[in-house]
Amino acid sequence: MRPVSNHATRDTPADSPACCVRLPQRLAAAMLCAMLLLTPAFGQPPLAAPQQAEQQQALEQQKIDYLIASVAALKDASFIRNGKAYDAPKAADHMRLKLRFAGSRVKSAEDFIVYCGTGSSVSGIKYTIRFADGHTVDSATYLRHKLSTYSHPTGPLLQTP
């Protein structure tokens, strides 16, 4: 006695009931593959994701530049790093240096704050800013506040659906 199978073989005709059971499944799988291959992801043109990623990267770089510029523009403020006071332009230069060393780890303005604007990676001491009136604030707090006030000068770069 031969074993029973659910697919057509050389001994089973293509129009037999065993073959017809698998045909709808195969057609459905073929249609699904065709739809996936012919339809761009999420209804966007095929290049939308890379373009959007480039725009997001450019926006994040603009935010980082804004944060550095806001530190450089502080009047009569001292940037305290490892117990020593630096003027605002030197503080901004130091952040640019740390940004270059951080390299690809910095993908966003928040990454910049964490890796470049929070504290010394050598001593672990937090950076602070001492303002002309004498009050001090952690540099990360200052930078996050400045980031929350950032608005792109020409409007939003990214379009939301």
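The values are calculated or read from the model by the stated rules, or taken from the named source; none is laboratory data. Just so it is clear, the model here is predicted, and its values are computed rather than measured. Cβ sites come from the backbone with ideal geometry, for glycine too, and all protein chains shown count toward neighbours.
Worth pointing out:
- Residue ID - surrounded by the most Cβ atoms within 10 Å (Cβ to Cβ), chosen from residues in the range 72-108 that are over 25 Å from the mean Cα position of the chain (by Cα) and assigned to a loop (DSSP other than H, G, I, E, B): ALA77
- Residue among ALA69, ALA53 that alone is at pLDDT 85 or above, exposed (fewer than 12 other Cβ atoms within 10 Å of the Cβ) and closer than 17 Å to ARG144 by Cβ: ALA69
- The range 113-152, residues that are among the polar types (S, T, N, Q) and part of a helix (DSSP H, G or I): SER139, THR141, SER148
- If the condition is being in contact with a strand residue (DSSP E or B) (Cβ under 7 Å, 6 or more places away or on another chain) and of a type in the set (Ser, Thr, Tyr), then the range 104-133 contributes THR118, SER120, TYR127, THR128.
- Criterion (farther than 18 Å from ILE64 by Cα, among the aromatic types (Phe, Trp, Tyr) and modelled with pLDDT of 95 or more) met by exactly one of TYR86, TYR127, TYR142: TYR86
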